[in-house]
Amino acid sequence: MDVKLLKASKIPAEFPARRKHPNAKALCIITTTTLLSIVCFTIGLFFHIHKPTQLILEDRLTMRQIMPYFQWWKDTDDVLVTCRIFIFNFTNSDRWMDGTDEQLVLQEVVPIVYRETLEHDNVQFHEHNSTMSYVTRRRLVFLPDRNVPGILNKTIIVPNIPLLGVAARMENDNFFLKRGFNFIYALSGDTVFTRISIYDYLWNTRPRFLNEARKFVPAMVPTDNVGVLQTMYEDNEEHVNVKHGKRYGNDQFFMINTYEYEPTVPGFSLAKGDCFASIQNSTEGATYPQNLDERSVLIYWRKTLCRAVPLYFDRRVQKGPLTGYKYLLPDDSYDRLPNSTADCYKGQFGLLEDGMTDVSKCSQDVPVVATSPHFYARNFTTAHKIAGMIPNREAQQSYAIVDPSFGIPLDQVARTQTNLAIPKLTDYSEDIRRFSEMIIPMFWIEYHQKELPTYIVRTLQAFYVIRDIEPYLPYVLYLSVLLLLTVAFREAARYKLHGRVSAPKCTKPKLTNL
């Protein structure tokens, strides 16, 4: 044999190809499906005992700061609340003053539209009594695109409300104090009617009478600017304490415990013997109790109204993709109570008529009363000298459309009219006494939250989808367990049947003689 030829003709040795273990895939499938079946069974059993939607609502009771519903309440930048204020222009003041006309004719001015911003700050949780404290700040922002151009510069004629209000408040004072009032009034050169721009009427009303009065009795005149909105929003920081947590449950969720550290309406002092005007169990309207039904009564608090009022169920309404419960403010909300002692809003300067609620405690004791806009549903005897009221319940009634599960308002409107209630005046000048026993409309105001941001609506929709499928969810999970176990048993059977595969043997190549 030629050795060189043998070396040149090297035949490579054959080695078996590497193969994956034939049962690795089966073992992986068996392990995965078994674990998933255990998980599905555990979750199914949990959902069989606990409803997911109920767990969500119970968690919301705690108002955990990391959850979306806490952020919805705290950050309201995406929620548009408009404030529309309607002012009355007195068109025949001269003819009424000289006795030519028997009635004052009022003409409603187109609404001035603002946006009301709401801020919740300094949130503190008190675990010992399951309450939450926070500071509320409200501000108004003028909306040029929703207003008539130049509306704030429009001039109107209105009664001198500060002058008449002080006169009405001093009616029960002695003769000498009234003489002092008449002296200051004459010295000021002021009049019972004034021509003023709408902006000044709202934000910068500085009557000459108040300027003079402040020189003589500064304690009697705490401020010289009595603009309507300026007065309402000058003290815009409010300290609120509300109930929360599972201790109070759904029915009392977020109900006010104290306001400005007291359980009563500001201005009502129990230490001074005032009526117990409770504010407890009301809400500021940002959210209401959970799990509402047709028997639920919503108690709404608004500082400008100076009281808490009840809203009663009316009907179910469709609001976009959601179904809400509509609650209405009844026509008799401002009527006198049978028990006069318990009626904190009957008036301080004589018993008010049904349909009037005294707000003097929130107006430096000036006899200001709230009524329904344009006196709808009421016919006041003290309004016989007033013409121009056009009542319309549909356009002037207050309501709230609320999501029944979360208590989140889908659409709500608060409307009220502010008036000066003047008793019989004596010992004043003739032009002031001309207003005796009258109710003088000043303005009416509407706060309207028309809709919610889309992301909140979508979240509420998802909640109701879960609520609809949750009765079937455990059984779907149990069925998944059966399917997963079926796959696991099938793969186990294949694994057992296949057995172990032995590796192929290596054979040496045979050399042939050349």
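Listed values, structure above:
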| read-out | value |
| --- | --- |
| Calculated from backbone phi, Karplus (6.51, -1.76, 1.60) coupling profile of the range 382-387 in Hz, x at Gly/Pro | 7, 9, 5, 8, 10, 10 |
| For the range 55-64, Karplus couplings with θ = phi - 60° (6.51, -1.76, 1.60), whole Hz, Gly/Pro x | 5, 5, 5, 5, 5, 5, 4, 7, 6, 5 |
| Convex hull volume per residue for the range 79-452, taking Cα atoms only, in Å³ | 150 Å³ |
| At R0 = 45 Å, FRET efficiency that the Cβ-Cβ distance of Asn153 and Asp59 yields, to 0.05 | 0.30 |
| Within the accessible area of the chain (1.4 Å probe), percent carbon and sulfur | 56 percent |
| Top positive-direction residue, dipole computed over the chain with Cβ charges, set Ser130, Thr304, Asn89 | Ser130 |
| Under Karplus coefficients 6.51, -1.76 and 1.60, residue-wise ³J(HN,Hα) of the range 25-39 in Hz, glycine/proline x | 5, 5, 4, 5, 5, 4, 5, 5, 5, 5, 4, 5, 5, 5, 4 |
| Spin-label model distance (nm) - Gln107 vs Asn174, 7 Å beyond Cα toward Cβ | 4.8 nm |
| Value of Rg/Rh across the range 156-197 [Cα atoms, Kirkwood radius] | 1.03 |
| Mean accessible surface per residue for the range 79-452, computed with a 1.4 Å probe while every protein chain stays in place, in Å² | 44 Å² |
| Residues of the range 474-494 with amide N under 20 Å of the 7 Å Cα→Cβ point at Lys25 | 484-494 |
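The values are calculated or read from the model by the stated rules, or taken from the named source; none is laboratory data. Just so it is clear, the structure is predicted and the values come from calculations on it, not from any experiment. Because the Cβ atoms are built from the backbone with ideal geometry, glycine has one as well, and the counts that use them run over all protein chains shown. We work out accessible area using only protein heavy atoms, side chains counted, and drop any ligands, DNA or RNA first. Shrake-Rupley method; radii C 1.70, N 1.55, O 1.52, S 1.80 Å.
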